[in-house]
Amino acid sequence: MYYSSGVDHRKNMTKEDFELHLNPMHKFDTAEEFWELFLCMKLPSQLHLKSKIFVFKRDILPTWEHEDNRGGGRIYIKIPLNKETDEIWQNIALEMLCGFGNKSYLDKAVNGIELSVRQTDMICIAVWVNTRDFRQAREIFFHLKKSASLPKFIEFDFAEHPMKYFNKNG
């Protein structure tokens, strides 16, 4: 798995610019390496405006053009930045990194998670999935809502990755 962080993310940043500024920061193979990473991972309350953190499965880049992300989408969860936000982010990261409570079908559908600080009082967590099945995206969201202790008023949006740039051969 990768722990990757971006830099200044502009709206019209090209794919090449984004990938150039994407810094793989840590890979881990053991439980000890995982906990070392997890305990040092920056929390939403410690990030600057426009910051992004990505936690993805090994060899999957956080780009919708990557072959494992093609044909999938993102589950967007917007959360007010408050005292519970850090714990919610940690809970979601733990769910992804620990296999969604041994629900292998959920684990297989999720490629990674993204944390972005979009406003001074709001964060967005995007769960990158390899499916366009809204029902499965909804199931992942409700699993996270329960396991990560999301507030009851939190809802989600689902957006498919654009396919218009890909030919049939990928």
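The values are calculated or read from the model by the stated rules, or taken from the named source; none is laboratory data. Please read these numbers as outputs of a predicted model, since none were measured by experiment. Reconstructed Cβ throughout: ideal geometry from the backbone, glycine too, with neighbour counts over all protein chains shown. Ligands, DNA and RNA are stripped out before the accessible areas are found, and what is left, the full protein with its side chains, is counted by its heavy atoms. Shrake-Rupley method; radii C 1.70, N 1.55, O 1.52, S 1.80 Å.
Over 30 Å from PRO151 (Cβ atoms), at pLDDT below 85 and among the aliphatic types (A, V, I, L, M): which single residue out of LEU20, LEU37 fits that description?
Numbers: LEU37 fails: over 30 Å from PRO151 (Cβ atoms).
Step by step, each of LEU20, LEU37 is checked, and only LEU20 is over 30 Å from PRO151 (Cβ atoms), at pLDDT below 85 and among the aliphatic types (A, V, I, L, M).
Taken together, GLU87, GLU67, GLU95 contain a single residue that is open to solvent by 30 Å² or more (accessible area, probe 1.4 Å) and assigned to a loop (DSSP other than H, G, I, E, B), which is GLU67. Working only within the stretch 107-139, note down all residues that are more than 20 Å from ILE79 (Cβ to Cβ) and open to solvent by less than 10 Å² (accessible area, probe 1.4 Å). Across the stretch 107-139, the qualifying residues are ALA109, ASN111. Residue by residue through the stretch 98-139, note down the ones that are in contact (Cβ under 8 Å) with a residue 12 or more places away in the chain and polar (S, T, N, Q). Listed by number, the residues that qualify are ASN111, SER116, GLN119, THR120, ASN130, THR131, GLN136. Scan the stretch 53-64 for residues that are more than 20 Å from ASP133 (Cα to Cα) and open to solvent by 50 Å² or more (accessible area, probe 1.4 Å) and jot them down. Matches in the stretch 53-64: ARG58, ASP59, LEU61. Within the stretch 4-27, residues that are closer than 16 Å to HIS66 by Cα and in a helix (DSSP H, G or I) reach partners that are among the acidic types (Asp, Glu) and at pLDDT 70 or above with beta carbons closer than 9 Å, at six or more positions or on different chains, in the pairs LYS15/GLU65. Against the numbered list (1) in contact (Cβ under 8 Å) with a residue 12 or more places away in the chain; (2) exposed (fewer than 13 other Cβ atoms within 10 Å of the Cβ), PHE142 comes up short only at (1). Going through (1) farther than 22 Å from PRO151 by Cα; (2) part of a loop (DSSP other than H, G, I, E, B); (3) open to solvent by less than 60 Å² (accessible area, probe 1.4 Å) one by one, PHE100 falls short only on (1). Residue pairs whose Cβ atoms lie under 6 Å apart, separated by 6 or more positions or on different chains, with the first residue in the stretch 67-86 and within 22 Å of ILE154 (Cα to Cα) and the second open to solvent by less than 40 Å² (accessible area, probe 1.4 Å) and hydroxyl-bearing (Ser, Thr, Tyr), are ILE79/THR85.
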